[in-house]
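Novice: Got a structure for you, written out below as structure tokens; questions coming shortly.
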Amino acid sequence: MLASGLVSVALFCLAATGVSGFTVTTNNADVRVKENDGTDLICKYSGDFGSNPRVEWKFKDPKGSQTYVIFDGKPTKPYSTRVSMYGSNLRFSKVTRKDNGVYDCEVSGSGEQFGEVRVKMTVLVPPSPPLCRIPSSVTTGKLALMSCHDIDGSPPPKYRWYKDGTLLPPEPHKISGFKNATYRLNADNGNLEFPRATKVDSGQYYCEAFNDAGPPQRCKGAKMEVRDLNTGGIVAGVIVVLLLLALLGFGIWYANKKGYLPKKTESKPKPSVVYQPTSLYGGDDEDGEFKQKSSFVV
């Protein structure tokens, strides 16, 4: 433990020391404050930074976005109504959950003098009743997944599940009464999973979200029932479908037999057309009648 503490102190000093040996430190690198309360972030520096060192504060949120809190000796617009400076320290008159993150105090002189220190601020917000999803019915041997999530709690809450009013241990194989349990519980994201549900997993379930900012909150409980596969119903359904198909086929056959269905039109061959051209010459034709010289069959 002593060696670990010495290593931590050494790393902290290294992080707070500037490139030329100028040192910037804090007496509280992990600030925890309730939402809507005020707090101070301390930044102290030593070394010859000159007569008028420049002090800036930057904020980085959990998503990695960085903004200025103090720039050119003044609070930036988003902080101007609730942030002020005294010396090199930062004072919040009121914090909100959006202030969760890390704050860097940077001190620089007129030359190469530079040093910085980081302060983490955790805004304490109790959890709200979490949103739970619990399946009402699951088939035996299939996956059953329950979820539980809260978006308000800070620090991010952890989760625990209850079945029929009994707390489910996160590691059931270590508890004698739960050695046969097959569930997996993730206390960090709130998931309760049954890889292959059995009938003994049926019951009334609810989830609870908790952190150290306030009392735990639970969701409304719901019942999950694990049922065997209904093979009788499946067989009955198949039989009904087959009967309907047979009835449809019989109806078509009967309608066709009675002549209710239109018959296909039979195609008839086209008659031959004989073309008899009129002779242009009377000559040898008797009585002015024309005789067929040739025929053209269409």
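Novice: Whose amide H sits under 5 Å from the amide H of N28, counting only residues 5 or more places off or on another chain, with H placed in the peptide plane?
Specialist: I42
Novice: Testing the spin-label approximation: label points 7 Å from Cα along Cα→Cβ at W253 and E225. State their distance in nm.
Specialist: Using points 7 Å along Cα→Cβ, the separation is 4.3 nm.
Novice: OK, next. For S46 and T76, FRET efficiency with R0 = 35 Å and r from the beta-carbon atoms, rounded to 0.05?
Specialist: Calculated transfer efficiency: 0.85.
Novice: If r is the Cβ-Cβ distance from E112 to S84 and R0 is 22 Å, what FRET efficiency results, to the nearest 0.05?
Specialist: With a Förster radius of 22 Å, E is 0.15.
Novice: Too long at a 18 Å Cα-Cα cut-off: which of K174/K220; K142/K199; K98/K158; K74/K98; K58/K98; K94/K120?
Specialist: K174/K220; K98/K158; K74/K98
Novice: Let me ask something else about it. Compute the distance in nm between two label points, each set 7 Å from the Cα along the Cα-to-Cβ direction, one at V238 and one at S137.
Specialist: 2.1
Novice: Which FRET efficiency, nearest 0.05, do T67 and L167 yield, Cβ-Cβ r, R0 41 Å?
Specialist: 0.45
Novice: Mind listing the phi-derived Karplus ³J(HN,Hα) values for region 163-170, rounded to whole Hz, using 6.51, -1.76 and 1.60 with θ = phi - 60°, and x for any glycine or proline?
Specialist: In residue order, the calculated couplings are 10, 6, x, 9, 5, 8, x, x Hz.
Read the figures in this text as sums done on the coordinates, not as results from a lab. Treat the numbers as computed from the prediction; the structure is a model and nothing was measured. Methodologically, a virtual Cβ is constructed for each residue, glycine included, from the backbone with ideal geometry; neighbour enumeration extends over all protein chains shown.
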